[in-house]
Amino acid sequence: MKRIVVMIVAMLLCMATFAQTSQSSFSQLLTKARNGDVAAMVDVAIRYYDGNGVETNKRESFNWLLKAAQKGDVYAMILVAKYYYVGSGVEADEDEGFYWMLKAAEAGDVFAMEEIAIDYVNYGNDDEAYKWFSKAAEKGSKEAVEDLKKMKERGYVPKPGIAAKPKPNVSQPAENERKEYRDHGHVFVNNAAARANNSDPTVYDKTLHFNDPKALRCYGKIAKNGGELWVLYRPDGTLFGKFFGLTYFDKGAPNCFLFMRDFQTEKIGVYDIYGKKLLAHQFDWIGLVEIPMNNGYYAIKGEKTINGETTEGLYDVLYNVCNIPPGIYKHIYSVDKWMNVSVRGKNGKEGIVNMKQEVVVPIEYESVYHQDTTGPNQMYYKVYNYGADEGQRVWGLYLKNQQIMPCHYKESEVDKYIEEHP
């Protein structure tokens with residue numbers, strides 16, 4: 001873990017330097033990112049991380065990195081893993097960190113290969129550690145070569161034919177019957193005995209099981225094109241379905257979600273671990289939005305392209321309702337504890353709407369911030385636009401849906417008002 005923290009901090013510093021020297025303004029970068037430019041997504045994330053041209057916001061930094069990672073950017077995958085490992089901008093989750101670091105390793109990144117190997121050493125799985133150190137060494141990593149020497153010096157003997165798997169000690173399915181299907185020239189086999197002795201070249205690369213006999217059992221295979229093909233079985237052994245890619249989020253009931261891309265439509269849908277469909281396969285990309293209420297839960301944010309325009313919608317799984325359908329807003333940022341949603345409209349401006357899509361803060365500002373207080377007036381929203389000078393921000397203030405200060409003050413003046421009227 002020490003190596004990953006040191007090296008990724010260095011990566012962040014290097015990327016931050018690039019962001020500082022870039023001629024593009026933050027607003028221009030943000031526009032590119034929202035239009036699907038992956039490199040811009042990473043740059044926006046780094047600027048949010050170090051507060052360059054925008055107020056520091058590690059949560060937004062993580063959100064943009066995650067979006068870039070889900071679109072296949074390897075460096076974003078590594079940074080997302082780091083954020084999960086150390087709990088920066090997101091709740092610390094070693095399993096999620098491992099998942100994204102593994103994705104980067106599988107995509108061919110040498111640094112990620114080394115980190116996955118180190119994780120396996122920590123897990124006590126020398127076979128997998130040796131496998132990934134060897135892959136990194138083949139790509140020229142001197143550190144990996146040294147790590148291989150150290151493994152041999154302490155008595156490890158390499159075993160032939162070891163396949164890389166996502167994590168050690170994963171429970172195997174109870175059924176032993178052989179099930180096959182063919183896709184893209186591959187034969188995928190559900191056979192516990194074959195997996196146990198690793199004698200069958202068509203064994204699964206990944207498994208995902210839950211501590212509930214009524215839950216689905218999930219098996220994944222890495223395809224030749226680098227994608228993941230998943231087969232899901234019901235507890236009785238019958239086929240539930242097959243999907244391209246699977247992401248599992250376990251944030252505690254009722255926030256246990258399986259995000260899966262449909263084999264036919266290639267759209268992403270959401271299920272619970274028992275196979276109940278929570279959200280139809282209609283989005284191109286899906287993420288989680290934390291709702292910071294006392295009982296804390298998550299809504300699902302989805303991206304969908306309509307008539308060539310990328311938009312986002314919001315779906316509340318707890319109450320099984322689509323609060324904001326796609327097609328209205330270009331981007332949904334966050335939900336506060338009053339269930340008010342920070343959005344960016346098709347006009348490129350930000351504002352606040354509630355779950356009934358009623359406007360709280362007009363969608364006419366460059367940016368909107370919720371400003372919490374310890375007093376009764378907790379629903380403050382700070383807003384700003386640019387003044388006559390492109391680089392000069394002019395600030396305003398809303399309390400609930402009422403404008404308290406029009407947008408021509410200094411930020412310090414707005415902050416002073418909030419301090420005097422908490």
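The values are calculated or read from the model by the stated rules, or taken from the named source; none is laboratory data. Being a predicted model, the structure only gives us computed values, none of them experimental. We place every Cβ from the backbone using ideal geometry, glycine too, and count neighbours over all the protein chains shown. We work out accessible area using only protein heavy atoms, side chains counted, and drop any ligands, DNA or RNA first. Shrake-Rupley method; radii C 1.70, N 1.55, O 1.52, S 1.80 Å.
For the reader, a short list of remarks on this structure follows.
- Residue match in region 259-276 (condition: free of Cβ contacts under 8 Å to residues at least 40 places away in the same chain, aliphatic (A, V, I, L, M) and surrounded by fewer than 20 Cβ atoms within 10 Å (Cβ to Cβ)): no
- Of Tyr381, Tyr398, Tyr333, all but one fail to be hydroxyl-bearing (Ser, Thr, Tyr), in contact with a strand residue (DSSP E or B) (Cβ under 9 Å, 6 or more places away or on another chain) and more than 26 Å from Tyr297 (Cα to Cα); the exception is Tyr398.
- Selection from region 52-84 of residues that are modelled with pLDDT under 85 and either aromatic (Phe, Trp, Tyr) or open to solvent by less than 20 Å² (accessible area, probe 1.4 Å) (or both): Val54
- The number of residues in region 301-328 being closer than 17 Å to Lys346 by Cα, among the hydrophobic types (A, V, I, L, M, F, W, C) and either in contact with a Gly (Cβ under 7 Å, 6 or more places away or on another chain) or part of a loop (DSSP other than H, G, I, E, B) (or both) comes to 2.
- Yes/no for Ala45 being open to solvent by less than 30 Å² (accessible area, probe 1.4 Å), in contact (Cβ under 8 Å) with a residue 24 or more places away in the chain, small (Gly, Ala, Ser) and assigned to a helix (DSSP H, G or I): yes
- Scanning region 281-318 for residues that are surrounded by fewer than 19 Cβ atoms within 10 Å (Cβ to Cβ), modelled with pLDDT of 80 or more and not charged (D, E, K, R) yields Thr305, Ile306, Asn307, Gly308, Thr310.
- Helices (runs of 4 or more DSSP H) fully within region 89-148 that include at least 1 residues being of a type in the set (S, T, N, Q) and open to solvent by 20 Å² or more (accessible area, probe 1.4 Å): 110-123, 126-138.
- Search result, residues across region 370-422 that are of a type in the set (D, E, K, R), modelled with pLDDT under 90 and under 19 Å from Asn340 (Cβ atoms): Asp372, Lys400
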